[in-house]
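*Asks:* Pasting a structure below so you can have a look.
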Amino acid sequence: METTYDVKVYKIYVYKGTRKSSYTVRWEVAGKRWREQFDTVALAEGFRSGLITATGKGEAFVIATGLPVSHRSKSAAVSWYAFATEYVDARWSQLGGNSRKNLAKTLTATTIALLRTRPAQFEPVAVRTALREWAFNTNRRSTAPDDVETILRWVERNSLPVSTWEDPGKVDEVLRAIDTRLDGKQAAAWSRKRHRRILNVVMKHAIRRRVLRTNPLPKGKEATAVAKTTNAVDKRSLMNPDQAAALLDWIRRRPRGGKRLHAFFVTLYYCGLRPEEAVAMRVKDVSLPALGVADQWCELLIHTATPEVGKQWTDTGKIHEERDLKGRAEGETRTVPGHPALTRVLRQHIADEALQPGDLLFQGETGGVLAGSVIRRAWRSAREAVLAPHVIESPTGRRVYDNRHTRLTKWLNDGVPPAQVADWAGNSVPVLLATYARCVEGQLPDLKRRLEAAGDLPEPPPAG
């Protein structure tokens, strides 16, 4: 903790507004200006007199906080571990399963970086597991097994106080720690950005509770330069029609549950759904045209998502969590048209499985929600069986989600207006264009023809 005796205290600055006035105490510590605003002159004078009294006594000021040593905030009396668990409990009911999981990951890495000493008597993986799965899980903390309790008691005793965040050098050390993977390599940009976003919210909570006075994390350009990310889809991940057809056909011929999984993947491919939206669909959410009708397009009603988050992060104890559509208001729905090829597949699928209107459209072997592990394993096996070795090593169709990327890109390339694609996809138009603009191609010849048809400037009259 660096201190200084280089302190100057200035007169109170009075701002007289139309509704009320404010009183700002201004002072300088080691060349850095500080200010604190108050609603009444009495409060401002009391705070200023405290600063003057401290300088008169020859008391040192903390450079990081701008306050006398005797004015240490509540942060010196609160351990980081105690504050972090209190924060988790305060936020738990407001967060979804994935948000809870990500919060636990961030706090785990941060807490380990804020220990007084390394836990030599425990395996590092055991400490991380104890923090991530038990300490920062409100539902499970009270039922932690004895060996986990032993680790957590040790962490509590060896946790640095929250005032450690007032030391810029320690802040940099913590940020380096959370930016580094267990193998010593730098974490992915998205992971680093997520850690900082979560920690910023934690710091705002600390300020509201008056545990910290200011947010110690980097701001402005210093913060945004740390982890630059993009939402744009990698064009290499998109599948061409031949690749998609081969993958879907292999899945259809898969001995175990092939036809059921084929219907699921065909729906992703033709409608561009998110996997968590497709597994939540019921039979009654599909509108199939009558046989013999000329227009054989079907329509899907999307209104719920059931992401797989892990049973320890849900309040129900189930692996999947039911929630509203991503980025949409509560209860909002959308409809997506289904190609006639999809109509044929879904009609046959419903008949083969003898599904009733209230049944899940895509079920696991026991009739429950189709598991993400089954979906990912089937897709991975299809890629390994169908694609050439050099394509398998490439990003082409590497993720199940690439079915959605391929479809949305195709809609845009086929000339479907972006507003319509965004509506079908459940995105806003700005997000859609930022994500897929680099993948739109094949429209340049038509655009050139339109520009030529618009004509050129009239020829200028001859000179003279």
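Any read-out appearing in this document is the output of simple, stated calculations on the displayed coordinates, not a laboratory observation. In this text, all values refer to a predicted model and were calculated from it rather than measured experimentally. With ideal geometry, Cβ positions are generated from the backbone for all residues, glycine too; neighbour counts draw on all protein chains shown.
*Asks:* Going Cα to Cα from K219, which lysines come in below 22 Å? Please leave out same-chain ones fewer than 8 positions away.
*Replies:* Answer for K219, where 22 Å is the Cα cut-off: K32, K170, K193, K204, K228, listed by chain and number.
*Asks:* Okay, moving on. What distance in nm separates the simple spin-label points at S428 and E59, each placed 7 Å from Cα in the Cβ direction?
*Replies:* Modelled inter-label distance: 4.8 nm.
*Asks:* Assuming R0 = 35 Å, what is the FRET efficiency of A30 and E149, from their Cβ-Cβ distance, to the nearest 0.05?
*Replies:* Details: r = 45 Å, r/R0 = 1.28.
Computed FRET efficiency for A30 and E149: 0.20.
*Asks:* I need to check one value: relative contact order of segment 307-347, counting alpha carbon pairs closer than 8 Å and at least 6 residues apart, in percent.
*Replies:* Details: 24 pairs, mean separation 9.3, N = 41.
Over segment 307-347, the number comes to 23 percent.
*Asks:* Separate question: Modelled label-to-label distance, V69 and E393, 7 Å Cα→beta-carbon offset: nm?
*Replies:* Going by the 7 Å Cα→Cβ label model, 6.2 nm.
*Asks:* Please compute the length gained on full extension between A246 and K318, using 0.36 nm multiplied by the number of residues separating them and subtracting their Cα-Cα distance.
*Replies:* Numbers: separation 72, 0.36 × 72 = 25.92 nm, distance 3.45 nm.
Taking 0.36 nm per residue and subtracting the Cα distance, the gain is 22.5 nm.
*Asks:* Let me ask something else about it. In whole angstrom, note down how far apart the Cα centers of segment 75-149 and segment 316-338 are.
*Replies:* Each part's Cα centre sits 29 Å from the other's.
*Asks:* Another question about this same structure. Counting other C-beta atoms within 10 Å, and keeping those with at most 11, which DSSP coil GluC sites (Glu not before Pro) do you find in segment 76-170? Walk me through the numbers before you get to the answer.
*Replies:* On the way: sites: E86, E133, E149, E156, E166; in loops: none.
Filter output for segment 76-170: empty list.
*Asks:* Given the DSSP H assignment, sum -39500 (n - 2.57) over each helix run of at least 4 residues in the chain and divide by its residue total; what's the result at 222 nm in deg cm²/dmol, nearest 500? It would help to have the intermediate numbers written out before the result.
*Replies:* On the way: 18 runs with 200 residues, N = 464.
Using -39500 (n - 2.57) per qualifying helix, the result is -13000 deg cm²/dmol.
*Asks:* A further question on this structure: Whole number please: convex hull volume per residue, Cα atoms of the chain, in Å³. Walk me through the intermediate numbers first.
*Replies:* On the way: hull volume 135.8 nm³, N = 464.
Given the Cα convex hull of the chain, per-residue volume reads 293 Å³.
*Asks:* Would you kindly state how much longer the chain becomes between A419 and V440 on full extension, computed as 0.36 nm times their sequence separation minus their alpha carbon distance, in nm to one decimal? Before the final figure, lay out each step's value.
*Replies:* Working: separation 21, 0.36 × 21 = 7.56 nm, distance 1.48 nm.
My answer for the length gained is 6.1 nm.
*Asks:* Quick check: pseudo-label points 7 Å beyond the Cα along Cα→Cβ at V14 and K259, how many nm apart are they?
*Replies:* The modelled label-to-label distance comes out at 8.7 nm.
*Asks:* Let me ask another. With a Förster radius of 30 Å, plug the Cβ-Cβ distance of A82 and F47 into 1/(1 + (r/R0)^6) and report the FRET value to the nearest 0.05. Display every interim value, and only then the final one.
*Replies:* Working: r = 28 Å, r/R0 = 0.93.
That pair, A82 with F47, gives E of 0.60.
*Asks:* How many angstrom lie between the Cα centre of segment 274-306 and the Cα centre of segment 343-396?
*Replies:* For segment 274-306 versus segment 343-396, the Cα centre distance is 16 Å.
*Asks:* Another question about this same structure. Over the chain, what is the relative contact order in percent, taking alpha-carbon pairs closer than 8 angstrom and at least six residues apart? Walk me through the numbers before you get to the answer.
*Replies:* On the way: 604 pairs, mean separation 56.8, N = 464.
Here the relative contact order equals 12 percent.
*Asks:* List the trypsin sites (Lys or Arg not before Pro) within segment 119-161 that fall in a DSSP loop (any state other than H, G, I, E or B) and whose Cβ has at most 15 other Cβ atoms within 10 Å. Don't skip to the answer; put the middle values down first.
*Replies:* Numbers: sites: R128, R132, R140, R141, R153, R157; in loops: R140.
Hits after loop and neighbour filter: R140.
*Asks:* I'd like the FRET efficiency for Q186 and R208, computed as 1/(1 + (r/R0)^6) with the beta carbon distance as r and R0 of 35 Å, rounded to 0.05. Please report the intermediate quantities before stating the final value.
*Replies:* Numbers: r = 32 Å, r/R0 = 0.92.
Here the calculated transfer efficiency is 0.60.
*Asks:* Give me the lysines in straight-line cross-link reach of K318: C-alpha distance below 25 Å, same-chain residues under 8 apart excluded.
*Replies:* Within the straight-line cut-off, K318 pairs with K101, K105, K284, K326.
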